[in-house]
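Report on one structure; see the data block that follows.
The values are calculated or read from the model by the stated rules, or taken from the named source; none is laboratory data. What you are looking at is a predicted structure, and each value in this text was computed from that prediction instead of being measured. Because the Cβ atoms are built from the backbone with ideal geometry, glycine has one as well, and the counts that use them run over all protein chains shown.
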Amino acid sequence: MTGVIEGGWEFVWAAYVMTGLVFLIYTASVLSRYRREMRREPDHQEIETHE
Amino acid sequence: MGDVYRIFYVHVPTAWNAMLALTFTFIAALMFLIRGDWKWDARMEAGIEAGVVLSFMLCVQGAIWAKPTWGVWWDWDPRLTTTAIMLFAFLGILALRHYVDDPARRATWSSVATIIAFVDVPIVYFSVKWWNSLHQMQSSPETVSAAFHWPLRANAFAVLLLMIGWIMLRTRTAASRLRHDLGPPLPEPAITPEPLPGGAR
């Protein structure tokens, strides 16, 4: 017994793949909603959101 | 800890940025209530959404970390419980924003709810100090080996940049929708109609 957890790569992969997937899906959702909103208002007057 | 320690590189930056997004949301809520400026309402909506996504991922990564290290996917330990409360509180505010049609009520109610829900954020942070938690103490450059500093910082900045991008785009989307909901003032007629000769209409 060394106190070190052996293996566990499947958990590491699961954490990284799920994080990447969720971030990717959310980014796509944000972009898609932004584009849809901009198309809805082609003469989009900027509300002062200088982020 | 072994190889599973690599989860730390994605879990800790997610935690830092989730708290940062929710702190931004709290500031936006305060600013809206103080100044009544709709820009802050749009920013608040964007911040809540980014904070909820990051908090959700925080819980998922935490569960994946917990299984090999603690032997269970979930435990009602103070850190995990307060994080779950934080996630569901802000999820509730998103639901509130979705179901309230009147923009003024939506903004005011969600600002007040955000300020109340934010009380849990410092509790999440300090829970591992205040209570005898199964969760380890907060990670910082002082508590981790020097070899971990660079990858941890790189990931933290990567998630930070992503979060800033989300908040910027979501703010613009929310602001555009808000302008539509509020109904822009009717434009002034470009030309004042002049009476036709002979009084004809």
Has segment B:65-81 got any residue that is within 24 Å of B:His135 (Cα to Cα), over 17 Å from the mean Cα position of the chain (by Cα) and basic (Lys, Arg)? yes
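Just a yes or no: is a residue in segment B:32-48 outside any helix (DSSP H, G or I), away from chain A (no Cβ under 11 Å) and touching a residue at least 40 places away in the same chain (Cβ under 8 Å)?
As a first pass, look at segment B:32-48 and keep what is outside any helix (DSSP H, G or I): B:36-37.
Now drop any that are not away from chain A (no Cβ under 11 Å), which leaves B:36.
Pick out the ones that are also touching a residue at least 40 places away in the same chain (Cβ under 8 Å) and you get none.
Checking segment B:32-48: not a single residue is outside any helix (DSSP H, G or I), away from chain A (no Cβ under 11 Å) and touching a residue at least 40 places away in the same chain (Cβ under 8 Å).
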Test: B:Trp38 is at pLDDT below 95 and under 25 Å from B:Ala175 (Cα atoms): yes
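Starting from residues that are over 28 Å from A:Phe11 (Cα atoms) and touching a residue at least 60 places away in the same chain (Cβ under 8 Å), keep the ones in segment B:1-27 and report whichever is surrounded by the fewest Cβ atoms within 10 Å (Cβ to Cβ). Step through it out loud before you land on a result.
Initially, segment B:1-27 is screened for residues over 28 Å from A:Phe11 (Cα atoms), giving B:23-27.
Keeping just the survivors that are touching a residue at least 60 places away in the same chain (Cβ under 8 Å) gives B:23-26.
Working: B:Thr23: 15, B:Phe24: 20, B:Thr25: 30, B:Phe26: 20.
Among residues in segment B:1-27 that are over 28 Å from A:Phe11 (Cα atoms) and touching a residue at least 60 places away in the same chain (Cβ under 8 Å), the one surrounded by the fewest Cβ atoms within 10 Å (Cβ to Cβ) is B:Thr23.
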So which residues in segment B:9-24 are of a type in the set (Val, Ile, Thr) and more than 14 Å from every other protein chain (Cβ to nearest Cβ), if there are any at all? B:Thr23
Long-range neighbours under 8 Å by Cβ, at least six apart or interchain, first residue of a type outside the set (A, V, I, L, M, F, W, C) within segment B:152-177, second surrounded by fewer than 23 Cβ atoms within 10 Å (Cβ to Cβ) and not in a helix (DSSP H, G or I): B:Thr171/A:Thr49; B:Thr171/A:Glu51; B:Arg172/A:Thr49; B:Arg172/A:Glu51; B:Ser176/A:Glu41; B:Ser176/A:His44; B:Ser176/A:Ile47
Kindly establish whether B:Asp75 is more than 9 Å from chain A (Cβ to nearest Cβ) and part of a loop (DSSP other than H, G, I, E, B). yes
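With among the polar types (S, T, N, Q), under 20 Å from B:Trp74 (Cα atoms) and modelled with pLDDT of 80 or more as the only criterion, which of B:Ser133, B:Ser127 stands out?
Working: B:Ser133 fails: modelled with pLDDT of 80 or more.
Answer to the selection: B:Ser127.
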How many residues are surrounded by 18 or more Cβ atoms within 10 Å (Cβ to Cβ) and not aliphatic (A, V, I, L, M) when one looks only at segment B:104-124? 6
Out of segment A:16-30, which residues are surrounded by 15 or more Cβ atoms within 10 Å (Cβ to Cβ) and of a type outside the set (Ser, Thr, Tyr)? A:Met18, A:Val22, A:Phe23, A:Val30
Could you list, in sequence order, all residues of segment B:44-92 that are buried (at least 21 other Cβ atoms within 10 Å of the Cβ) and aromatic (Phe, Trp, Tyr)? B:Trp65, B:Phe90
